[in-house]
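Asker: Can you keep this structure in mind? I'll have questions shortly.
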Amino acid sequence: MRYRTFRGTDLTVSEVGFGVWSVATTWWGVQDLALAKNLLAEAYDLGVTFFDTAPVYGEGRGETLVAETFRQRRPRIIIATKFGYDTGAYPGVRRGHTELPQNWSPDFIRQSCEESLQRLGTDYIDLFQLHNPRLDAIEDDRIWTELDRLHREGKIRHTGVALGPDVGWRDEGLAAIKGGQAEMLQIIYNAMERDPADELLDVCADHVSCAARVPHASGLLDGSYDPERHFDRSDHRSHRSPSWMAAGLRVREQMATSDERTLGQTAIAFCLAREAVATVLPNITSTANLREFAAAGDLPPLRPEEQQALDQVWVENRDVLYQPLSDSRNKPTPVARV
């Protein structure tokens, strides 16, 4: 495993991280607590040190899983969690993939921090991220003032912005970078979903790093997607259009030409080719894909000709591939991509 440091911080993380949502929610099939803990523990043994979670992942389950797995290893891992969603608005009920109400008041931020600290079993959070904020939240000085207080109190070490819930969010990303308060961004980025991530990564320049999530584009770029299979509405991938899936298969064909890496490892290498990407968060649901994805952190980077070929296939299919799932600025309950 190789390691990178989030620019401007003292957070050094594994190039391949662990997005805890894949073992804390039912969206991708891991419902066995023992399996979830085993995957987290083995990830650490394979060199993974960055674990990203949130209160909405299994209504706190993601945070408690991290606490129970790493209670004796806390100083040796980096924990990232999030705030902003009011998980108490619909207690015990998650309405599919629709979005919960958000609360950005200073009191709620502090309450969220304290509750996360309790669930995580720690007295500090390494990285505290706004979860899917809109532009008005990014520009709300009250939020950053409260985060500064929490930092001075030692409850959080660094702050970031996890962008979403949809592909897009260019304005929010640019505001977070240029405003100077956010010390990192978490973005959707893969060989099929490059708008607006390419622009955001360019603007990050030398002072902000990113965590790239969904590197395998809902399973198309790790070989787990079967184009002959229909996903029902409870599956996250069912929200994609047939034309998007078809264009994605063309990208996959290009990526599958590597003789040095598996398809899934090449997808991770694509993300890591950008210097502004500090870590990649693949969806981990089994021992097999954990070992495959973690090994990507010790394999050769993309060759220039591989990068050029992927750039070309992106240009040829860009109009189809850039299909935001929803416009959450205008809809109260958009499809959520964690």
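Asker: Between residue 171 and residue 315, what is the FRET efficiency for a Förster distance of 22 Å, r being their Cβ-Cβ separation, to the nearest 0.05? Working shown, then result.
Answerer: On the way: r = 24 Å, r/R0 = 1.09.
For R0 = 22 Å, the calculated efficiency reads 0.40.
Asker: Below 8 Å between Cα atoms, with a sequence gap of 6+, how large is the relative contact order for segment 51-159 in percent?
Answerer: 29 percent
Asker: Something else about it: In what sequence, highest mean first, do 189-196, 277-284, 146-153, 258-265 appear when ranked by Cβ atoms within 10 angstrom?
Answerer: On the way: 189-196: 24.1, 277-284: 26.9, 146-153: 15.8, 258-265: 17.2.
Averaged packing, sorted descending, gives the order 277-284, 189-196, 258-265, 146-153.
Asker: Using Cα positions and a limit of under 13 Å, work out the aspartates and glutamates in reach of residue 82, with same-chain residues fewer than 8 apart set aside.
Answerer: 52, 59, 63, 114, 115, 126
Asker: Quickly rank 45-51, 128-134, 99-105 as a protection proxy: mean count of other C-beta atoms within 10 Å, highest first.
Answerer: Values: 45-51: 20.4, 128-134: 25.0, 99-105: 17.1.
Order by mean packing, descending: 128-134, 45-51, 99-105.
Asker: Could you tally the net charge around residue 76, taking each other residue with its Cβ under 14 Å from the Cβ of residue 76, Lys/Arg +1 and Asp/Glu -1?
Answerer: Values: positive: 71, 73, 74; negative: 45, 126.
Net of charged neighbours comes to +1.
Asker: At 1.306 mPa s and 10 °C, plugging the Kirkwood radius over alpha-carbon pairs of the chain into Stokes-Einstein gives what diffusion coefficient in µm²/s? Walk me through the numbers on the way to the answer.
Answerer: Numbers: Rh = 19.9 Å.
Approximately 80 µm²/s, per Stokes-Einstein.
Asker: Using only the alpha-carbon atoms, how far is helix 242-255 inclined from the longest principal axis of the chain? Give it as 0 to 90 degrees, nearest 10.
Answerer: 70 degrees
Asker: Extension gain residue 207-residue 105, at 0.36 nm per residue separation less the Cα-Cα distance, in nm? Don't skip to the answer; put the middle values down first.
Answerer: Values: separation 102, 0.36 × 102 = 36.72 nm, distance 2.80 nm.
Full-extension gain reported as 33.9 nm.
Asker: With each pseudo-label sitting 7 Å past Cα toward Cβ, what's the residue 32-residue 249 distance in nm, one decimal?
Answerer: Result: 3.2 nm between the two label points.
Asker: For a protection proxy built on the mean count of beta-carbon atoms within 10 angstrom, sort 14-20, 217-223 highest first, please. Display every interim value, and only then the final one.
Answerer: Numbers: 14-20: 27.0, 217-223: 23.1.
Listed from highest to lowest mean packing, they are 14-20, 217-223.
Asker: Could you point to the residue in 13, 83, 33 farthest towards the positive end of segment 6-86's charge dipole, with +1 and -1 charges on the Cβ of Lys/Arg and Asp/Glu respectively?
Answerer: Going by the Cα projections, it comes out as 13.
Asker: Which residue, chosen from 127, 211, 69, occupies the Cα position most advanced towards the positive end of the dipole of the chain, where the dipole is computed from +1 (Lys, Arg) and -1 (Asp, Glu) charges on Cβ about the Cα centre?
Answerer: Result: 69, furthest along the dipole toward the positive end.
Asker: Would you mind checking which residues have amide H under 5 Å from residue 213's amide H? H placed 1.01 Å from N; only 5 or more apart, or other chain.
Answerer: Placed amide hydrogens put 187, 188, 189, 281 under 5 Å from residue 213.
Only the coordinates and a few stated rules stand behind these numbers; no lab work does. If you're wondering where the values come from, they're calculated on a predicted model, not measured in any experiment. Every residue, glycine as well, gets a Cβ built from its backbone with ideal geometry; the counts of neighbours run over all protein chains shown.
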